[in-house]
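The values are calculated or read from the model by the stated rules, or taken from the named source; none is laboratory data. Here the structure is a predicted model, which means the values were calculated and not measured. Virtual Cβ from ideal backbone geometry, glycine too; neighbours counted across all protein chains shown.
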Ligand SMILES: Nc1ncnc2c1ncn2[C@@H]1O[C@H](COP(=O)(O)OP(=O)(O)O)[C@@H](O)[C@H]1O
Ligand SMILES: [Mg+2]
């Protein structure tokens with residue numbers, strides 16, 4: 001039979017006789033051919049010129065599972081077959097724990113509950129850290145705080161200013177379109193003044209700070225957890241709460257009302273520019289009207305909310321950062337979680353504040 | 001004794017007049033190197049002499065400022081990604097820090113190159129291939145479905161090696177594979193590389209600081225200093241040279257201890 005062999009694989013009854021290179025490149029087709037060859041199987045390797053471990057594995061697997069006979073293998077091929085056989089230790093490939101939908105929902109609920117409890121616990125730990133600092137004021141890290149002032153506050157001025165300026169214009173424009181229908185476009189000024197000072201100033205600032213700084217806190221602290229910097233700190237006796245969390249908290253709490261005030265000013269400025277150009281209200285009149293229609297309590301409402309929002313944002317950011325363990329993917333996940341969580345909490349708190357301030361008569 | 005092989009020989013890696021610079025800093029200048037098929041070549045040099053940069057230039061991750069690099073007979077500089085794919089398939093790389101994909105299990109890591117180049121293999125066969133590669137790399141079967149973060153440093157190196165071997169490469173690049181391993185682990189890793197090299201007929205480009213590895217497994221050693229490869233030879237012959245760095249490196253207390261071992 002050997003005399004009539006063409007230089008290609010031959011299927012002759014139950015003899016499988018591959019030719020040329022038996023390597024990973026044609027492993028897929030060889031595997032299928034082997035499958036289609038009926039038992040009892042004989043594999044003739046005499047025409048194989050080159051074989052790699054994948055080719056050897058295919059042969060080995062046929063011998064193991066189907067009791068195939070191997071003939072014509074040179075000593076080199078035999079050696080390779082022997083090595084592959086030696087390495088034949090089945091191992092699990094996929095991670096454990098694929099869950100059903102109900103179990104997934106349960107796990108998610110548990111996780112959400114644990115996160116909330118964890119956040120409360122973290123809040124407690126931070127308070128304890130504060131008390132310790134008050135007792136040992138020398139340990140307070142002024143430099144770290146000042147550095148955060150710059151990053152959280154000063155560097156955010158541009159983007160928050162621009163955003164608020166545009167929002168002022170949008171509110172003015174949308175308000176004017178609606179109010180014109182009643183001939184009441186002069187009330188656009190009331191709308192701009194009150195909504196930016198009381199609501200949008202602090203809220204939009206909070207959202208921007210959550211996206212800029214809350215996420216950065218989570219990513220910074222998370223990366224430090226992975227590189228074991230946080231562990232190193234602990235062993236040296238530096239409390240990560242004091243060194244990492246409290247400076248960020250203080251900086252954000254102090255910067256938020258300043259940024260919110262800046263946002264209010266820029267929004268009023270944007271609204272004023274729109275009123276001047278589009279409604280032909282002169283700037284001086286606009287400023288006078290703003291001062292008349294925006295009560296001082298509105299400013300207080302805005303400026304009281306802002307630091308609380310800042311506290312929540314910094315707390316959630318640092319907390320999520322501290323939750324990072326093991327691998328780089330977690331940094332991304334926890335950073336996202338920090339932003340989502342802090343914006344969510346900020347909006348809930350905003351609703352609570354709205355009810356509270358109305359009920360004490362600051363309408 | 002010259003650094004390059006005679007013109008007739010066809011080295012598996014051929015580097016000529018390589019120059020690499022970062023801004024003002026010149027890392028390599030006029031660097032020549034030939035690697036023979038089937039040898040384990042050790043690359044040594046002080047920290048920051050550009051061993052990793054040399055490897056990155058050879059495998060095409062870094063475009064050199066000047067010079068030519070040929071691997072497996074193909075020019076590597078300025079290649080399109082697609083064209084270079086056929087060459088990339090023929091080598092395996094173990095990065096200095098393992099560079100395992102952290103969101104995949106060890107076995108899934110080994111399957112990544114298989115899926116990339118041979119998607120038609122089928123899941124079952126791929127799983128089997130991953131398993132015997134894991135076993136060949138000296139990992140216990142339980143490691144298969146663990147994530148890299150759950151492994152020790154030595155196991156991570158072995159997992160990286162398993163991934164580097166996934167496609168049965170002809171050429172294996174190892175960047176400081178034994179750094180950070182305990183001496184017993186490092187010795188075991190050396191032996192593993194030696195035996196795999198013999199079994200699978202590999203050419204190994206081994207960057208190392210580990211004198212024991214050099215003595216134990218390298219056929220030749222290339223010394224990187226003064227921005228180029230100053231010598232390539234067996235350790236015995238290198239010892240005859242009177243370059244100060246070579247003398248200090250191999251004849252310092254650690255060098256002598258390794259030689260005695
Ligand atoms: N991407 C880069 N940008 C700038 N400098 C680099 C870069 N990569 C490496 N270098 C510099 O090149 C030099 C050689 O680095 P490397 O090859 O990593 O050294 P080693 O021999 O220790 O592996 C170092 O001085 C390093 O600072
Ligand atoms: Mg290096």
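Some points to look at:
- All positions within segment A:30-61 that are more than 24 Å from residue B:201 (Cβ to Cβ) and within 12 Å of chain B (Cβ to nearest Cβ): A:32, A:34, A:35
- Residue match in segment B:34-57 (condition: within 15 Å of residue B:76 (Cβ to Cβ) and without any contact (Cβ under 8 Å) to a residue 40 or more places away in the chain): yes
- Residue in segment B:23-48 that is nearest to residue B:195 (Cα to Cα), counting only those that are within 16 Å of ligand 2 (Cβ to nearest atom) and modelled with pLDDT under 90: B:45
- The set of residues in segment B:115-132 being more than 8 Å from chain A (Cβ to nearest Cβ) and either over 25 Å from the mean Cα position of the chain (by Cα) or modelled with pLDDT of 90 or more (or both) consists of B:119, B:123, B:124, B:126.
- When residues of segment B:94-103 are limited to those that are more than 9 Å from chain A (Cβ to nearest Cβ) and touching a helix residue (DSSP H, G or I) at 6+ places or on another chain (Cβ under 8 Å), the one farthest from residue A:90 (Cα to Cα): B:96
- Looking across segment B:18-41, the residues that are in contact with a helix residue (DSSP H, G or I) (Cβ under 8 Å, 6 or more places away or on another chain) and within 13 Å of ligand 1 (Cβ to nearest atom) come down to B:18, B:20, B:27, B:28, B:31.
- When residue A:99 is tested against the conditions (1) outside any loop (DSSP other than H, G, I, E, B); (2) more than 10 Å from chain B (Cβ to nearest Cβ); (3) out of contact with any strand residue (DSSP E or B) (no Cβ under 7 Å at 6 or more places or on another chain), the lone failure is (1).
Conditions (1) more than 11 Å from the chain's Cα centre (by Cα); (2) free of Cβ contacts under 8 Å to residues at least 60 places away in the same chain; (3) more than 14 Å from chain B (Cβ to nearest Cβ), marked per residue:
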{"residue": "A:315", "(1), (2), (3)": "yes, no, yes"}
{"residue": "A:319", "(1), (2), (3)": "yes, no, yes"}
{"residue": "A:325", "(1), (2), (3)": "yes, no, no"}
{"residue": "A:331", "(1), (2), (3)": "no, no, no"}
{"residue": "A:339", "(1), (2), (3)": "no, no, yes"}
{"residue": "A:346", "(1), (2), (3)": "yes, no, yes"}
{"residue": "A:355", "(1), (2), (3)": "yes, yes, yes"}
{"residue": "A:358", "(1), (2), (3)": "yes, yes, yes"}
{"residue": "A:361", "(1), (2), (3)": "yes, yes, yes"}
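- Any hit, segment B:57-74, residues being more than 16 Å from ligand 2 (Cβ to nearest atom) and within 14 Å of chain A (Cβ to nearest Cβ): no
- Scanning segment B:37-61 for residues that are on the phi < 0 side of the Ramachandran plot and surrounded by fewer than 16 Cβ atoms within 10 Å (Cβ to Cβ) yields B:37, B:46, B:47, B:61.
- For segment B:200-215, the set of residues classified as in contact (Cβ under 8 Å) with a residue 40 or more places away in the chain, surrounded by fewer than 21 Cβ atoms within 10 Å (Cβ to Cβ) and away from ligand 2 (no atom under 16 Å from the Cβ) consists of B:201, B:212, B:215, listed by residue number.
- Among the residues of segment A:29-54, those that are more than 13 Å from residue A:73 (Cα to Cα) and surrounded by 17 or more Cβ atoms within 10 Å (Cβ to Cβ) comprise A:30, A:31, A:34, A:37, A:41, A:52, A:53, A:54.
- Any chance residue B:186 is over 13 Å from the mean Cα position of the chain (by Cα) and within 14 Å of chain A (Cβ to nearest Cβ): no
- Selection of first residues in segment B:9-31 that are more than 17 Å from residue B:59 (Cα to Cα) and of second residues that are in a loop (DSSP other than H, G, I, E, B) and away from ligand 1 (no atom under 13 Å from the Cβ), restricted to Cβ pairs under 6 Å at least 6 apart or on distinct chains, gives an empty result.
- Selection count where residues are loosely packed, with under 14 Cβ neighbours inside 10 Å and in a helix (DSSP H, G or I), scope segment A:348-363: 7
- Filtering A:253, A:230, A:301 for residues that are in the same structural domain as residue A:195 (by TED's automatic domain parsing), within 24 Å of the chain's Cα centre (by Cα), closer than 20 Å to residue A:343 by Cβ and part of a helix (DSSP H, G or I) leaves a single hit, A:253.
Conditions tested, residue by residue: (1) within 14 Å of another protein chain (Cβ to nearest Cβ); (2) more than 30 Å from residue A:40 (Cα to Cα); (3) at pLDDT below 85; (4) part of a helix (DSSP H, G or I).
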residue: A:90; (1), (2), (3), (4): yes, no, no, no
residue: A:95; (1), (2), (3), (4): yes, yes, yes, no
residue: A:108; (1), (2), (3), (4): no, yes, no, yes
residue: A:112; (1), (2), (3), (4): no, yes, no, yes
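- Boolean, residue A:123 is assigned to a helix (DSSP H, G or I), assigned by TED's automatic domain parsing to the domain that holds residue A:300, in contact (Cβ under 8 Å) with a residue 12 or more places away in the chain and more than 24 Å from the chain's Cα centre (by Cα): no
- Residue count for segment B:133-142, restricted to those that are buried (at least 23 other Cβ atoms within 10 Å of the Cβ) and at the interface with another protein chain (Cβ under 7 Å from one of its Cβ atoms): 2
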